[in-house]
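Data block below; observations after.
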Amino acid sequence: MSDDRTVLTEVATGLFRDLCTPGDVVAAEATGWSERLWSALTESGFPLVSVPEEAGGSGGDVADACALLTVAGRFAAPAPLAETGLLGGWALAAAGLELPEGPLSVAVGAPGDAVELAGRRFSARLSRVPWGGRSDRVVALAGSGGQRFVVSAPTAAATVTNGRNLAAEPRDTLVWDDVGLPDDAFAPAPPGVDGAALRLRGALARAALIAGALARVAELTVRYTGERQQFGRPVARFQAVQAHLVTIAEEAELAGLAVSVAALNARPDPSFLDVAAAKAAAGEAATIAARASHQAHGAIGMTKEYELGQLSRRLWSWRDEFGSERYWSRELGHRLAAAGADALWPSISTGLVSEPASSPEGSFA
Amino acid sequence: MQFAPTVLTPAEEALRAEVREFLAAELPAGHRPALGFAGRHDPEFSRTLAERGWVGMAIPPRYGGHGRSAVDRFLVAEELLAAGAPIGAHFVADRQTAPALLHFGTEEQRQRFLPGIAAGEVYFSLGMSEPDSGSDLASVRTRATRVEGGWTVTGTKVWTSEAHRNHFFAVLCRTSPVEEGRKHAGLSQLIVDLSAPGVRISPIPYLDGSHHFNEVALEDVFVPDDMVLGELGSGWQQVTSELAYERSGPDRWLSTFPVLREWLRERGAAVSGEEAVVLGRLAARFRAIRQLSLSVARALDGGSAPVVEAALVKDVGTRFEQDLVEALREAAETELDQGSRSLFPSLLAEAVLTSPSYTLRGGTTEILRSVAAKGLAA
């Protein structure tokens, strides 16, 4: 990890440790929001890491943003960190649109969504928008007159129907009914800014959150099974329980490394192969590790107060968001099949790609 | 945990390209790939590889080797395994015996064995398991008795892969009686010539009928003093560290890759959505496990001893090798026949029959998990 990224991770860990305790996470569930946490994140510039400084962002690259998300996942942070920077901020900056002061969200096209832009008249129905009702703007892509536009749709002009994921994080449905957009709310989408690219970024972001949560699940389970005594000894001494600990560690490490490689290879943008593989692997890891950790914890894991449930409910949600493991496996499978049997091994054995000679080292805050 | 992302250097990339090019010429499309490191025993192929410098890579040049890094070895091994190359003759000697000789062997032993191993000409089997001693190696009963100039060894080793084709094996045996409460003490490793008088090798037919396993009965086999490997009485420590060498390499997750590739070749580009899910899922996990395994090789080169990491990779890797077989069986929806004329179904049949061994050889899943869990709690 670069020195900058190590510092970033340490600083972020300190911030979340202070402002995003398990108690804070439970407390935030009523509204899906912690203003105190979001203000602190905004002050530190974290939400806009990976968005260029000249566009009003905090600088840094995709790997910096993913390192932050991994910390956020570990702390089950109730905040649209990925949506504001890595996804929405990226699209707005690329299109030359202004970044709003507050949180941003993004829609990549859930089934049944519709977006219509005619001149400056905007109509849309966007579902499962993360923290949609809490955001200042929602970034969406719209085709109009044969051209693709990035739209920064004002949430204030939308009708919001609240929804939640399994961890009570807001996933709202927003409807704009023939709203007039101001000039600064839409611009032609530059090449490379499209639905597929946004979805890739979303999938990478969720995989990074999963990796962080899995690392914490692994720690919690080792700690608990080392302390919990039954039959006169810590349950971690039983082979059957050890099998769970090992499974969780394997899945956590596997997902963590897949995400790191995908993030580090994103120079400047994440690649399909890396992200599809990382999200598929992380989604599968989430399922396996959540199950094993609950089994190892017993009933305490089923309580709202205990930290495990905050993490496992997120794992069960994040694995499906921005494409489930089945979705990404299918996409990846079709791509690999099209490339043919003899290209399979070269694809699998492509890991971290060496740094291009002219890679700019950005700062992050 | 020490799993760090690692990038290949230009020299490493070049090595990989060279191996790929060699294999493309050596193993033309349509050849029947071997499944895993024990898949096929082919001395000629081993010698050809050795001529290229791809056997004994970790052995220093003064012993006929090449002094290469763990990552270089990793890259060569993964190309060979992915291609299904027949590496069974030299692989165990290269992976396991050579490092043991380098760590524990005498100068004389190194000079005697290492050049032959590096030349792809001297092959070793492992002499650990016995009829009553599997994962609990400390319970071995084979014993060596002191005689003039050396030892006589008596006992029975089982599941000894390729003993009927290999030249030597390192026998774990008792050189002094069991002491109360110190069952790991008094064990030693002796290098036994498989053609020595008193060595009787008989096949134990493998479940698919092939000859792979053997019983090796030793009856007063004379082993000279200079064939004691390492310290007398340190056999247990040596063997457990020997198990660590073999844990996390590509041989622990690539054994069944050729089945996947040949399935894809048979299916062609127009896979169904369901088949694409199977292919993508397996490929995603392959990539992730490979990255873990590669990072262990890099950590070894950096001088660390990632024991827990290696155990995790072996556990997750060998179970994945088996999962792959089941996933393809489900996707293929066909009755299996090893004699099938088509490559994929016959490979799949072979994989179904041999894959249970993947989570047994080199330390069972259960033992590995105990090792790893203790490390995780530490």
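Numerical summary
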{"item": "Scan of region A:338-347 for residues that are more than 7 Å from chain B (Cβ to nearest Cβ) and not small (Gly, Ala, Ser), ordered by number", "result": "A:ASP342, A:PRO346"}
{"item": "Only one of A:ARG335, A:ARG267 that is in contact (Cβ under 8 Å) with a residue 12 or more places away in the chain, within 14 Å of chain B (Cβ to nearest Cβ), over 20 Å from the mean Cα position of the chain (by Cα) and surrounded by fewer than 24 Cβ atoms within 10 Å (Cβ to Cβ)", "result": "A:ARG335"}
{"item": "Test: B:GLU326 is modelled with pLDDT of 95 or more, more than 14 Å from chain A (Cβ to nearest Cβ) and either under 25 Å from A:ALA258 (Cβ atoms) or in contact with an Asp or Glu (Cβ under 8 Å, 6 or more places away or on another chain) (or both)", "result": "yes"}
{"item": "Sole residue being under 30 Å from B:SER129 (Cβ atoms) and at pLDDT 95 or above, chosen from B:LEU279, B:LEU300, B:LEU348", "result": "B:LEU348"}
{"item": "Boolean, B:THR359 is surrounded by fewer than 21 Cβ atoms within 10 Å (Cβ to Cβ), free of Cβ contacts under 8 Å to residues at least 60 places away in the same chain and within 14 Å of chain A (Cβ to nearest Cβ)", "result": "yes"}
{"item": "Flag if A:SER39 is small (Gly, Ala, Ser), in the same structural domain as A:GLU169 (by TED's automatic domain parsing) and surrounded by fewer than 18 Cβ atoms within 10 Å (Cβ to Cβ)", "result": "yes"}
{"item": "Candidates B:GLU26, B:GLU78, B:GLU12, B:GLU44, filtered to the one that is touching a residue at least 12 places away in the same chain (Cβ under 8 Å) and more than 11 Å from every other protein chain (Cβ to nearest Cβ)", "result": "B:GLU26"}
{"item": "All positions within region B:30-55 that are in a loop (DSSP other than H, G, I, E, B) and of a type in the set (Val, Ile, Thr)", "result": "B:VAL55"}
{"item": "Among the residues listed as A:PHE122, A:PHE16, the single one being open to solvent by less than 30 Å² (accessible area, probe 1.4 Å), in contact (Cβ under 8 Å) with a residue 24 or more places away in the chain and part of a strand (DSSP E or B)", "result": "A:PHE122"}
{"item": "Filter result (more than 9 Å from chain A (Cβ to nearest Cβ), buried (at least 24 other Cβ atoms within 10 Å of the Cβ) and not acidic (Asp, Glu)) within region B:249-295", "result": "B:GLY249, B:PRO250, B:ARG252, B:TRP253, B:LEU254, B:SER255, B:THR256, B:PRO258, B:VAL259, B:SER293"}
{"item": "Positions within region A:282-299 being without any contact (Cβ under 8 Å) to a residue 60 or more places away in the chain and either surrounded by 23 or more Cβ atoms within 10 Å (Cβ to Cβ) or within 19 Å of A:SER324 (Cα to Cα) (or both), in sequence order", "result": "A:GLU284, A:THR287, A:ILE288, A:ARG291"}
{"item": "Which listed residue is assigned by TED's automatic domain parsing to the domain that holds B:ARG73, open to solvent by less than 10 Å² (accessible area, probe 1.4 Å) and of a type in the set (A, V, I, L, M), from B:LEU114, B:LEU187", "result": "B:LEU114"}
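The values are calculated or read from the model by the stated rules, or taken from the named source; none is laboratory data. Note that the structure is predicted; figures quoted are calculated from it, not measured. We place every Cβ from the backbone using ideal geometry, glycine too, and count neighbours over all the protein chains shown. Each accessible area value is taken on the protein alone, full model and side chains, heavy atoms only, with ligands, DNA and RNA left out. Shrake-Rupley method; radii C 1.70, N 1.55, O 1.52, S 1.80 Å.
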